[in-house]
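All remarks here apply to the structure that follows.
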Amino acid sequence: MDVIVLGSGVIGVTTAYYLAQGGARVTVIDRQDGAGLETSFANAGQVSPGYAAPWAAPGVPLKAVRWLLQKHAPLALRLDGSLDQLRWLAQMLAQCNRADYAVNKGRMLRLAEYSRDCLRALRAAEDLHYEQRTGGTLQVFRTPAQRAAAQRDVAVLAAAGVPHALLDADGLCAVEPALARVPGLLVGGLRLPNDETGDCHRFTQQLAARARDLGVVFRFGETIAGLDHGGRRITGIRLTSGRMQAQHYVLALGSYKVFRVKIQDAYHREHDE
Ligand SMILES: Cc1cc2nc3c(=O)[nH]c(=O)nc-3n(C[C@H](O)[C@H](O)[C@H](O)COP(=O)(O)OP(=O)(O)OC[C@H]3O[C@@H](n4cnc5c(N)ncnc54)[C@H](O)[C@@H]3O)c2cc1C
């Protein structure tokens, strides 16, 4: 089986590694000179299954309106007027309620916990070192309202069997004594002892080297200019240096999914007719 993986961030490289391990012939394409040089380069380094939560949450529609007016908002929405985008927006807004939030968060939690366990197995199998630390994480609350709002997540964590502790100010200082130096500033926190941290760039670079050992070919410095497709199937990729084809394609371009709309529109046309 021939596979082209588009993008060599943490997702593209990890996908390429597992595919090669499963016997596929894999080529990875990226415009950068190496693996993990864009979003996967300098993120916060948290491996936090416990914090996995959907954007579609109660209160988000109101917050989103405020964010639209901010210069550095956590959520940016560029309306393009397409049917596909409007459909997506309507579906997201319909999920912004307590019941759907709990279901969706529960699903994300289970998937994230499984992924964290895969990461541990991969780290041990390939002897990866990326400044990983396994001391857990601590989310701190400045206001009683923030601590009260965490109850919603705690219920889902408990239902999913994820170890956690909702702490008051004293409990917070017992876990992290340095916080005793700011008395009165924090009212509590949520501790997730099984969370981890690490350097995503290092991880991606090391796994890319292991993938190369398994036969994965990396073509760096290649910009993907477009995708050819017939209906829902991708039939080739257009690089600035020429065209490439494979039996299967994996899109791992992070936030740069510039071709998504076209293919989804074709999908909806097929299914609406
Ligand atoms: C500030 C910040 C902090 C974050 N902190 C955390 C955290 O603590 N924990 C966590 O889990 N996540 C965190 N994230 C999110 C996390 O970093 C991303 O989800 C993850 O890196 C995405 O990986 P990726 O492989 O999907 O995308 P990317 O790493 O962006 O990889 C996409 C690749 O595609 C390539 N590419 C794109 N377009 C083209 C093209 N046209 N032609 C050729 N190549 C192309 C790019 O060069 C890039 O290498 C954070 C993100 C940010 C921005």
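No lab work stands behind these numbers, since they all come straight from the coordinates. No experiment lies behind these values; they were computed from the predicted model shown. Backbone-built Cβ (ideal geometry, glycine too); neighbour counts: all protein chains shown.
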By how many degrees, 0 to 90 and rounded to 10, does the Cα axis of helix 144-160 deviate from the longest principal axis of the chain?
-> 60
Intensity falloff of region 75-135 expressed as log10 I(q)/I(0), Debye formula with alpha-carbon point scatterers, at q = 0.13, 0.27, 0.28 Å⁻¹ | -0.64, -1.11, -1.14
Based on DSSP, what percent of beta bridges with both residues in the chain are antiparallel, to the nearest 5?
-> 60
Given 0.36 nm per residue, what is the gain on full extension from Asp213 to Thr134 after removing their alpha carbon distance, in nm?
-> 25.7 nm
Cα long-axis angle, helix 83-94 against the chain (0 to 90 degrees, to the nearest 10) = 20
A chain fully extended from Trp55 to Ala158 at 0.36 nm per residue, minus the present Cα-Cα distance, gains in nm 35.0 nm
The chain, Gaussian network, Cα under 10 Å: of Gly230, Gly171, Gly198, the residue fluctuating most is Gly230
So for the chain, using the alpha carbon gyration tensor with a ≥ b ≥ c as root eigenvalues (a/c under 1.5 gives rounded; past that, a/b versus b/c decides prolate or oblate), I'd call it oblate
Please work out the FRET efficiency for the pair Ala225 and Arg78, using the Cβ-Cβ distance as r and a Förster radius of 25 Å; give the result to the nearest 0.05.
-> 0.75
What is the fewest-to-most order of Arg232, Arg116 by other Cβ atoms lying within 10 Å of their Cβ?
-> Arg232, Arg116
About its Cα centre, what dipole magnitude does the chain give when the only charges are +1 on Lys and Arg Cβ and -1 on Asp and Glu Cβ, stated in debye to the nearest 20?
-> 460
Rounded, prolate or oblate (a/c below 1.5 giving rounded, otherwise prolate when a/b exceeds b/c) for region 147-209 by Cα gyration tensor = oblate
